[in-house]
Every structure is written in C-alpha cells, then in structure tokens.
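The values are calculated or read from the model by the stated rules, or taken from the named source; none is laboratory data. These numbers were taken from a predicted model, which means no experiment stands behind them. Methodologically, a virtual Cβ is constructed for each residue, glycine included, from the backbone with ideal geometry; neighbour enumeration extends over all protein chains shown.
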Amino acid sequence: MGLKLLFVCTGNTCRSPLAEGMARAMFGDLAQISSAGIAAWEGEHASPHVVRILKDQKIDGSLHRARRIKEELIADADWIIPMTQMQEDVLKRQFPRHIHKIRCLGNWGDVKRDIQDPYMGSLEVYRQTAQEIKELLNCLKEQLI
C-alpha cells in the first residue's frame, strides 16, 4: 500500500464518506483511504443518500461508521484532506504539528473551491456533491500518483 489519505468533513456522514468510497475505487492499491469528522458522532451511519450514490457506483458504503478526528488518525496519515478551507484552518489550529500535510480537497487543482455540505438536501444535491468530489479526486490523483 502506498499513501495514506484521510478525508475530513464535519460529521463524517456525507462528504468525507463519499470521498472515501470513491477514492478507494479510484486509487485501488495505490493508497490507503479513510475518513473522519471534526464534530462527528461516533458510530453514526453514512447518510442514506451517500449509501445509494456509492451503491450506484458499485461501492458498498453501508458499513461506514462515523468517527471523530483525533491525533492518532492525523499522525498516521500522509495527507489530511478536508472538504473546505474553514475545515483546513480548524485542523491546522487543532493539530499544528501536522500543518504541512493538511490541504483542502479543492486546493489540488487549478481552481480553489470548497465542497458545500449536502446535509439534509435532496438526492440530487448529494449527486451534485458526489460529482464535484469525483472531479477533485481526479485532480488529487494527478498530483499524488
């Protein structure tokens, strides 16, 4: 296994599980992929919309359980990849020893952008979020591999 990538969002039930599932499919054996949330409720299931979108891509997200970000997860990862610039700032303040390996998913391509939280949105909103994440994962893969 190559790089260890940790995707981070707020609750670890929407954006970061989408990124985790799609990145696992995209990177295969080139990377170890995981996710966590800044304010996650430990053990929460992924959003039903997330599970459905991943299932449509032949990815099983049904076993996902949310976990809160902690030092051990940060220390173990090669890259910590939050979904927004604000989350990046929070993580850099919370884990200053690891500033060098924290970089927002939207900052790997030419255009800087945040992944907006689809929480409580329609399936279509979640699909749009998934498409945006997929595009940014392609940029990430080009930069890292």
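For every residue, the table says whether it meets (1) touching a Gly at 6+ places or on another chain (Cβ under 8 Å); (2) modelled with pLDDT of 95 or more; (3) closer than 20 Å to MET22 by Cα.
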position: ILE81; (1), (2), (3): no, yes, yes
position: GLN85; (1), (2), (3): yes, yes, no
position: LEU91; (1), (2), (3): no, yes, no
position: HIS100; (1), (2), (3): no, yes, no
position: ASN107; (1), (2), (3): no, yes, yes
position: LYS112; (1), (2), (3): yes, no, no
position: ILE115; (1), (2), (3): yes, yes, yes
position: LEU123; (1), (2), (3): no, yes, yes
position: ARG127; (1), (2), (3): no, yes, yes
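Give the residue, chosen from SER16, SER34, that is within 25 Å of SER122 (Cβ to Cβ) and either touching a residue at least 12 places away in the same chain (Cβ under 8 Å) or not in a helix (DSSP H, G or I) (or both).
Exactly one residue qualifies, and that residue is SER16.
Looking at segment 102-125 only, could you name the residues that are under 14 Å from the mean Cα position of the chain (by Cα) and not in a loop (DSSP other than H, G, I, E, B)?
Answer for segment 102-125, where residues must be under 14 Å from the mean Cα position of the chain (by Cα) and not in a loop (DSSP other than H, G, I, E, B): ILE102, LEU105, GLY106, ASN107.
Hey, among MET26, MET22, which residue is of a type outside the set (Val, Ile, Thr), touching a residue at least 24 places away in the same chain (Cβ under 8 Å) and surrounded by fewer than 20 Cβ atoms within 10 Å (Cβ to Cβ)?
MET26
Checking LYS58 against (1) part of a helix (DSSP H, G or I); (2) farther than 17 Å from TYR119 by Cβ, which single condition isn't satisfied?
Looking at each condition in turn, LYS58 falls short on (1).
Residues of segment 83-101 being free of Cβ contacts under 8 Å to residues at least 12 places away in the same chain, under 17 Å from the mean Cα position of the chain (by Cα) and either closer than 25 Å to LYS134 by Cβ or surrounded by fewer than 14 Cβ atoms within 10 Å (Cβ to Cβ) (or both), which ones?
Answer for segment 83-101, where residues must be free of Cβ contacts under 8 Å to residues at least 12 places away in the same chain, under 17 Å from the mean Cα position of the chain (by Cα) and either closer than 25 Å to LYS134 by Cβ or surrounded by fewer than 14 Cβ atoms within 10 Å (Cβ to Cβ) (or both): just ASP89.
What tally of residues in segment 102-111 results from selecting those that are surrounded by fewer than 16 Cβ atoms within 10 Å (Cβ to Cβ) and closer than 26 Å to GLY2 by Cβ?
Total satisfying the criteria: 2.
If you go through segment 102-114 one residue at a time, how many are farther than 15 Å from SER35 by Cα and either of a type in the set (Val, Ile, Thr) or in contact (Cβ under 8 Å) with a residue 40 or more places away in the chain (or both)?
Result for segment 102-114: 1.
Does ILE74 count as buried (at least 21 other Cβ atoms within 10 Å of the Cβ) and either at positive phi or under 17 Å from the mean Cα position of the chain (by Cα) (or both)?
Against the criterion (buried (at least 21 other Cβ atoms within 10 Å of the Cβ) and either at positive phi or under 17 Å from the mean Cα position of the chain (by Cα) (or both)), ILE74 does not qualify.
Within segment 113-145, can you find the residues that are surrounded by fewer than 14 Cβ atoms within 10 Å (Cβ to Cβ) and either on the phi > 0 side of the Ramachandran plot or touching a Cys at 6+ places or on another chain (Cβ under 8 Å) (or both)?
Answer for segment 113-145, where residues must be surrounded by fewer than 14 Cβ atoms within 10 Å (Cβ to Cβ) and either on the phi > 0 side of the Ramachandran plot or touching a Cys at 6+ places or on another chain (Cβ under 8 Å) (or both): just MET120.
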